[in-house]
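Below: the structure, in C-alpha cells.
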Amino acid sequence: MWWFPPVVNDRAARTTAMLVVALTVVTVALSMAGFTGAATVAGTLLFVGFLLRVLAGPRFDPFGQLSVRWLAQRVFGPPVFVAGAPKRFAQMIGLLFSGTALGLRVAGLTGASDVVLLLLVAAASLEGFMGVCLGCLIFARLQQWGVVPGDIRADCAVRPASPISAPRSTAT
C-alpha cells in the first residue's frame, strides 16, 4: 500500500510541482495579508501533500492524482517516464521545507516561514515550468560522492525529463 513507484511520469511530476507553486503562493499571500489561520491551514495541506507523495507517490495525494489522471497529458502531452528514486528524494526535500515552514508558522515566526516557502516556490517553479529538478540534481551528486548507492537508477537526475522504458506488465 505504501510504496513509491520505481518509474514515474516526469510530466505528471512537473504538473504537480505547478500545483505546489500555486498552493505555496496562496499560503504566502494569506500570511502576508494577515490571515494567519488560513495560511496555517494551507501550509498544513502543503505539508500533508508532500508527506503523502513521499510515502506512496501520487496514489493518495490529491495533487498527484489530478496530475496523473487529468492535467499532465493536457498540459504537456504523452507521459515521459523517468526514475522514481530521484523524484522521491525531491519530494523529501519538499517535505522538509514545508514541514520547516509549518513549524516556524506554528511557532509564530511567520516571516521566517514565508521565506522558507518562497524558497520552495523557486525550486518547484524550476521543476514545474522549466523541467529542472533540483532534488534530482542533488541526488545525482550524492550518487557521485558515494552517499547514495550507484545502482539506484537516476536517469532524471542526469538528464531531466529524459525518457526511460515504462515498466512492462507481467500479466498474461
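Looking at the stretch 40-49, is at least one residue in contact with a Phe, Trp or Tyr (Cβ under 6 Å, 6 or more places away or on another chain), modelled with pLDDT of 95 or more and at negative phi?
Looking for residues that are in contact with a Phe, Trp or Tyr (Cβ under 6 Å, 6 or more places away or on another chain), modelled with pLDDT of 95 or more and at negative phi, one finds at least one in the stretch 40-49, hence yes.
Has the stretch 84-91 got at least one residue that is surrounded by fewer than 17 Cβ atoms within 10 Å (Cβ to Cβ), more than 25 Å from residue 38 (Cα to Cα) and in contact with a Pro (Cβ under 9 Å, 6 or more places away or on another chain)?
At the first step, the residues of the stretch 84-91 found to be surrounded by fewer than 17 Cβ atoms within 10 Å (Cβ to Cβ) are none.
Checked the stretch 84-91: no residue is surrounded by fewer than 17 Cβ atoms within 10 Å (Cβ to Cβ), more than 25 Å from residue 38 (Cα to Cα) and in contact with a Pro (Cβ under 9 Å, 6 or more places away or on another chain).
Enumerate the helices (runs of 4 or more DSSP H) found wholly within the stretch 1-96, keeping only those where 2 or more residues are within 17 Å of residue 129 (Cβ to Cβ) and in contact with a Leu (Cβ under 9 Å, 6 or more places away or on another chain).
Output list reads 10-32.
Hey, among the residues in the stretch 27-44 that are of a type in the set (A, V, I, L, M) and surrounded by fewer than 16 Cβ atoms within 10 Å (Cβ to Cβ), which one's farthest from residue 88 (Cα to Cα)? Break it down into steps so the answer makes sense when it comes.
As a first pass, look at the stretch 27-44 and keep what is of a type in the set (A, V, I, L, M): 28-30, 32-33, 38-39, 41-42.
Subsequent filtering for residues that are surrounded by fewer than 16 Cβ atoms within 10 Å (Cβ to Cβ) retains 29, 32-33, 38, 41.
Numbers: 29: 28, 32: 31, 33: 33, 38: 28, 41: 24 Å.
If we take residues in the stretch 27-44 being of a type in the set (A, V, I, L, M) and surrounded by fewer than 16 Cβ atoms within 10 Å (Cβ to Cβ), then 33 is farthest from residue 88 (Cα to Cα).
Restricting to the stretch 60-72, name every residue that is farther than 11 Å from residue 10 by Cα and in contact (Cβ under 8 Å) with a residue 12 or more places away in the chain. Even if it seems obvious, please write down each step before you answer.
First, the residues of the stretch 60-72 that are farther than 11 Å from residue 10 by Cα: 60-66, 69-71.
Result: 61, 62, 63, 64, 66, 71.
May I ask you to list the residues in the stretch 31-59 that are more than 14 Å from the chain's Cα centre (by Cα) and among the aromatic types (Phe, Trp, Tyr)? Walk me through how you get there before you give the answer.
Taking the stretch 31-59 as the starting set, the residues that turn out to be more than 14 Å from the chain's Cα centre (by Cα) are 31-44.
If the condition is that a residue be more than 14 Å from the chain's Cα centre (by Cα) and among the aromatic types (Phe, Trp, Tyr), then 35 is the only one that fits.
If you go through the stretch 117-154 one residue at a time, how many are more than 30 Å from residue 106 (Cα to Cα), charged (D, E, K, R) and assigned to a helix (DSSP H, G or I)?
1
Only one residue in 57, 64 is surrounded by 22 or more Cβ atoms within 10 Å (Cβ to Cβ), of a type in the set (Gly, Ala, Ser) and touching a strand residue (DSSP E or B) at 6+ places or on another chain (Cβ under 7 Å), so which one is that?
One residue alone meets the criteria, 57.
The values are calculated or read from the model by the stated rules, or taken from the named source; none is laboratory data. Just so it is clear, the model here is predicted, and its values are computed rather than measured. Every residue, glycine as well, gets a Cβ built from its backbone with ideal geometry; the counts of neighbours run over all protein chains shown.
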